[in-house]
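Inspection log for the structure reproduced underneath, given as structure tokens.
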Amino acid sequence: MLSRWGHYLAGVAWIGLLYYFNFVQTPAFVEFEAGPRTEAFRKLVPRALWWFRWAALFTVVTGLLILGFQEQFDGDYMKSPSGIGISTGVLFGLIMFSNVWLVIWPNQKIVIANAEATAAGREALPNAASAARKAACASRTNTLFSIPLLFFMGFAAHLAPLYETGEGGKRMTYWLVVIVLTALIEVIALMAPSVGKPQSWHIDRHRNTIIAGVVYWAILILLFESLF
Ligand code: HEM
């Protein structure tokens, strides 16, 4: 229960900040004048990113603790609809966590260093714009994944017990589709995004990202429905 409580608190902080970045901060910064934007990148963004990345770590650690304390976690749990559901959520969670620590944070450090340099009257960093773009693509992709992720977190305990454990072939089909589609979405985010040009419909605007997240959720639940 303590792991769950910690998991909800950290998850709220992580995904809350993710939505703040995507739905509030990024669109607002486009309208900022250069001076106040530099100031915000020096004083606001580092604080938000501190909570963001440590909340992501705490969410994963407490999530793994819940799994570790899972009473029904015997050899067959991962084959059950609950186990498949939570594994789907965990797959998204681990990819999102990697995006935070390996893509968003390293690239945002360049953007912050650029703000520090320009504020001190030094030259702007040449790679700052492409770093911002890489971070934004990974951040939008995390927003997309968060939609099915949260469904599958709750699904494991509250809906999955209504389904029947499918045979090995069906589970294999399920995982094949999930892994291929998820890998495709992630690869699009990581493919060197070019500054100023559209990357892909689903991450070009945050409104599209929300639609894509709901569509991806619908595909996954229909797949679950048809197989189990
Ligand atoms: C790798 C990362 C994650 C892991 C390993 C993980 C693991 C888990 C596990 C094992 C459960 C218990 C499922 C059950 O009831 O059987 C759970 C529940 C939950 N998780 Fe996660 N999780 C992760 C990421 C997230 C994220 C990013 C959020 C976002 C807020 C989240 C929100 C929740 C919520 C709200 C529940 C409660 C579901 C319920 O009981 O209704 N999790 N998680």
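Computed from the coordinates by the stated procedures, all read-outs in this text should not be read as laboratory data. What you are looking at is a predicted structure, and each value in this text was computed from that prediction instead of being measured. Using ideal geometry, Cβ is built from the backbone for each residue, glycine included, and neighbour counts are taken over all protein chains shown.
Details
- Relative contact order [Cα under 8 Å, 6+ residues apart], segment 100-228, whole percent: 33
- Straight-line cross-link reach from K43 at under 15 Å between alpha-carbon atoms covers these aspartates and glutamates, not counting any fewer than eight positions away in the same chain: E116.
- Selected from E39, E186, E123 as most flexible by GNM, with the chain as the system and alpha-carbon contacts under 10 Å: E123
- Whichever lysines have a C-alpha closer than 25 Å to that of K170, once near sequence neighbours (fewer than 8 apart) are set aside: K79
- Cα principal axis extents for segment 77-228, largest first, Å: 64, 26, 23
- Extending 7 Å from the Cα toward the beta-carbon at both K79 and W5 defines two label points whose distance is 3.7 nm.
- Residues K43, K109 in ascending order of nearby Cβ atoms (within 10 Å, fewest first): K43, K109.
- Where labels lie 7 Å past Cα in the beta-carbon direction, separation of Y20 and E33 in nm: 2.5
- Helix content alone sets the calculated 222 nm mean residue ellipticity of the chain: runs of n ≥ 4 DSSP H residues at -39500 (n - 2.57) each, divided across all residues, give -25500 deg cm²/dmol.
- Between K170 and E71, full extension at 0.36 nm per residue minus the direct alpha carbon distance yields a gain of 33.1 nm.
- Aspartates and glutamates with Cα under 16 Å of K134, excluding same-chain neighbours fewer than 8 positions away: E186, D204
- Within segment 1-25, backbone nitrogen closer than 18 Å to the virtual label 7 Å beyond the Cα of R205 toward Cβ: 22-25
- Computed P(r) (all Cα pairs; segment 112-194; 5 Å bins; percent): 3, 12, 13, 15, 14, 11, 9, 7, 6, 5, 4, 2, 1
- Over segment 80-135, Cα pairs under 8 Å with separation of 6+ residues give a relative contact order of 35 percent.
- With R₀ set to 22 Å, the beta-carbon distance separating A124 from K197 gives a calculated FRET efficiency near 0.60.
- Tilt relative to the chain, helix 105-119 - C-alpha long axis, 0 to 90 degrees, to 10: 10
- Normalised by the number of residues in the chain, the average gap of Cα pairs under 8 Å and 6 or more apart makes the relative contact order 24 percent.
- Here's the picture: charge each Lys and Arg Cβ at +1 and each Asp and Glu Cβ at -1 in the chain, and of L222, S3, A48 the one pushed furthest to the positive end of that dipole is A48.
- Helix 206-227 vs. the chain, principal-axis angle (Cα, 0 to 90°, nearest 10): 10
- Summing +1 for each Lys or Arg and -1 for each Asp or Glu among the other residues whose beta-carbon sits under 15 angstrom from that of L17 gives +3.
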